[in-house]
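Participant: One structure, pasted below without further comment.
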Amino acid sequence: MNLQKFAIVKIFLFFLLGIVSGFLMNTNVFIIKILLFFSFVIFFYAFLRSRYNLIQNYFFGISAYLLIFFVGWNNFNVHHQKNWKGHYSSQINLEDVFEIRLKIKKVLKPTSFHHRYEAFIYRLQEKRVSGNLLLSVEKDTNSRGLKVDDLILTKTHFNSIRPPLNPHQFNYKKYLEKQQIYHQLSLTHNELMLLKSESTTFPGLASEWREKINQSLIKNHFEKEELAIINALLLGQRQSISEEIYTNYAKAGAIHILAVSGLHIGIVVLFLNVILQPLTHLKKGRLIKALIAITLLWGFVIISGSSTSVIRAATMFSFITFAMHRRKQTNIYIVLLSSAFFLLLWNPYFLFEIGFQLSYLAVFSIVWIQPFIYKKWSPKYKITRYFWQLLSVTLAAQLGVFPLSLFYFHQFPGLFFVSNLVIIPFLGLILSFGIIIIILSLLNIAPASVIKIYSFIIRSMNQFIEKIAEQEAFLWENIYFDWKLLILSYLLIIVFILMIKKFNLRKLKIITVLILLFQASFIYNKYNLQNTNRLIVFHKNRNTLIAKQHKDNLSFFESGMTFESIVNDPIISSYKTGERIRSIKKNQFKNLIKIKNEKVLIIDSSGIYQIPHLKIDHIILSNSPKINLERLIKLYNPKTIIADGNNYKSFITQWKNSCYKEKTPFHYTGEKGAYILE
């Protein structure tokens, strides 16, 4: 099917381009509104000029797409909260203390020492303001955690969200910015006061219902891990899933099962269609059925926490349900684009969420590629056809998300098809059984035998996933994949599928060129790597991590950490992937290191540094050496003093003052991040 024939495809692409432009370019809001107005005037003139023409000219088309482009850009500006007049960020200073009133919006996954929440700030001092922020509250055994809709009063200062302190680490600051969260508050329970809530929102009511459901399940003696899986599968809450279980599902290629998304919503829609089927015999029964199904579907969305993935899937299936009600042949591509257009019109920040990108790519791939794969083999038996259909869906979805998954996660689970083939056929039964268990538990009539059966099913699923995850030979990790390879991969997949469907020489030439560009990208990356020679002082609290990189080799100098702990450290794993490191080794500790023409002196707790008649360019301080830094600076006159994370804070403050006095640049990795000398 030629999608270029549909105007909505072009409209959607220009709308996307407008949103991306707004995200990348911080342009004055008023200027974009002026450009939007002029583009509308041009479009209106083109419309009046060509409305009597049977075939529209290029001027009308260009004016229409220009208008849609600025609609997308303006839509981004409208939803960008920092552009709002009452946004709190324009009225704060990080050094000052403010009286702040907050409302809890969402309960996030806690850390070892803190409860974490997404909160809405509605009053700053005596001013009404708006905006979201991250709230961290120190865990206290004598105090309960906060709930959705709780109102809080506190007096504190705002903290900026720190960027990663080491190269190639996950940038949590940028991630939160895409959620429109720009600051955080760190409190103890004694620093906040609960206020009386005047109203309860739908998310608050949903949170109360989830709490009632959890309490009823706990009374039925579900184990902690089983309860966590039920919460993830049926209630969309993954906060209580342990790191071990989450990692197992990720390694097995079944992480999507733990997120209430398109797969789960599709099963819910199928279930609703079956139980509401008798309504079709009534007058206007199909319309009544569609309205009830959509209403119940969005009720499930609210109860499951209204996460982005659930909203996205529910919107998509609402469009599909409405299209089915019309009883007309509907183009599934138009339904997908319409749902995506509606979601981005509502919140353009969805576009930058990994889940949004993966979800729509997976669905589009299933719709476009799966029928082609399925037709390649026609099994004789019904059961074989069923599993072949399931496998073809899994392969099509993985083909669509494969490049993006490598780009974001740098790993690929080779046994994804095994875990999906085993679990997905039974997922509908697991979800249906789970809904029945919840209803029976709420009514206090759940039979113990039924509880045991469901516990066994959940436990067996976890054990199966664990066995798959243990097959590490089939898990490819630390795969380098940059944006150039991402774009080339998708172009290659698209042209290859088109060529298989209908072969011609032109497509073969394009594939050849893309393969050559793919190889050229690898050669370019390897060439850059061959010229790499640097010293890296990583930031790690209470540990020293100093390494020398030459080409694709990384050599660590002796420190208090074992070689195994260095290799498995997340800081080093991320750096290894990002820099395409092939070998890691550990060298004996040296006080003096030479990088090209630069000499670096490392001073540790021994405080020994007397090296006469030698020019020192940089000095690294580690493990809190007791030295007179001012005398040291006068002795060597270094270009830079570097202090890593393995130093007392009091020493850092003292050294910073000494460097300021001697007018010598001071780099503390805990503030400025890892120091890289090339």
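The values are calculated or read from the model by the stated rules, or taken from the named source; none is laboratory data. Keep in mind the model is a prediction, meaning the values are calculated, not measured. Cβ placement follows ideal geometry from the backbone for every residue including glycine, while neighbour counts extend to all protein chains displayed.
Participant: Restricting to region 228-262, count the residues that are part of a helix (DSSP H, G or I), over 16 Å from the mean Cα position of the chain (by Cα) and surrounded by 18 or more Cβ atoms within 10 Å (Cβ to Cβ).
Facilitator: Residues flagged as part of a helix (DSSP H, G or I), over 16 Å from the mean Cα position of the chain (by Cα) and surrounded by 18 or more Cβ atoms within 10 Å (Cβ to Cβ) within region 228-262 amount to 14.
Participant: Scan region 597-653 residue by residue and report those that are out of contact with any strand residue (DSSP E or B) (no Cβ under 6 Å at 6 or more places or on another chain) and hydroxyl-bearing (Ser, Thr, Tyr).
Facilitator: Scanning region 597-653 gives SER605, SER606, SER622, SER624, TYR636, TYR648, SER650, THR653.
Participant: Enumerate the pairs (first residue in region 402-430 and in the same structural domain as LYS174 (by TED's automatic domain parsing); second residue anywhere and of a type in the set (Ser, Thr, Tyr) and assigned to a helix (DSSP H, G or I)) with beta-carbon separation below 6 Å, excluding pairs fewer than 6 apart on the same chain, so at least 6 apart or on different chains.
Facilitator: Correct list of pairs: empty, since none qualify.
Participant: Now for a different question. What about PHE356, is it crowded, with 17+ Cβ neighbours inside 10 Å and either in a helix (DSSP H, G or I) or at pLDDT 90 or above (or both)?
Facilitator: When the stated conditions are applied, PHE356 passes them.
Participant: Next question, about the same structure. Would you check if ILE546 is more than 30 Å from LEU234 (Cβ to Cβ), at pLDDT 90 or above, of a type in the set (A, V, I, L, M, F, W, C) and under 28 Å from the mean Cα position of the chain (by Cα)?
Facilitator: Criteria not met by ILE546.
Participant: Still on this model: Give all pairs with beta carbons closer than 9 Å in which a residue from region 455-468 that is in contact (Cβ under 8 Å) with a residue 12 or more places away in the chain meets a residue that is among the aliphatic types (A, V, I, L, M) and exposed (fewer than 14 other Cβ atoms within 10 Å of the Cβ); count only pairs at least 6 apart in sequence or on separate chains.
Facilitator: Pairs that qualify, where the first residue is in contact (Cβ under 8 Å) with a residue 12 or more places away in the chain and the partner is among the aliphatic types (A, V, I, L, M) and exposed (fewer than 14 other Cβ atoms within 10 Å of the Cβ), are ILE457/LEU429.
Participant: Next question, about the same structure. Which residue, of ARG162, ARG123, ARG144, ARG116, is more than 14 Å from GLN239 (Cβ to Cβ) and in a strand (DSSP E or B)?
Facilitator: ARG123
Participant: Would you check which residues across region 605-635 are crowded, with 19+ Cβ neighbours inside 10 Å, of a type in the set (Ser, Thr, Tyr) and either without any contact (Cβ under 8 Å) to a residue 60 or more places away in the chain or more than 20 Å from VAL537 (Cα to Cα) (or both) and list them?
Facilitator: Across region 605-635, the qualifying residue is only TYR609.
Participant: Could you please give the count of residues in region 60-87 that are part of a helix (DSSP H, G or I), under 29 Å from the mean Cα position of the chain (by Cα) and free of Cβ contacts under 8 Å to residues at least 60 places away in the same chain?
Facilitator: 9
Participant: Across region 509-533, what is the number of residues that are more than 31 Å from the chain's Cα centre (by Cα) and in contact (Cβ under 8 Å) with a residue 12 or more places away in the chain?
Facilitator: Adding up the residues that qualify gives 4.
Participant: Only one of (1) surrounded by 20 or more Cβ atoms within 10 Å (Cβ to Cβ); (2) within 30 Å of the chain's Cα centre (by Cα) is not met by ALA290, so which one is it?
Facilitator: (2)
Participant: What's the total number of residues in region 594-604 that are touching a residue at least 24 places away in the same chain (Cβ under 8 Å) and surrounded by 11 or more Cβ atoms within 10 Å (Cβ to Cβ)?
Facilitator: 7
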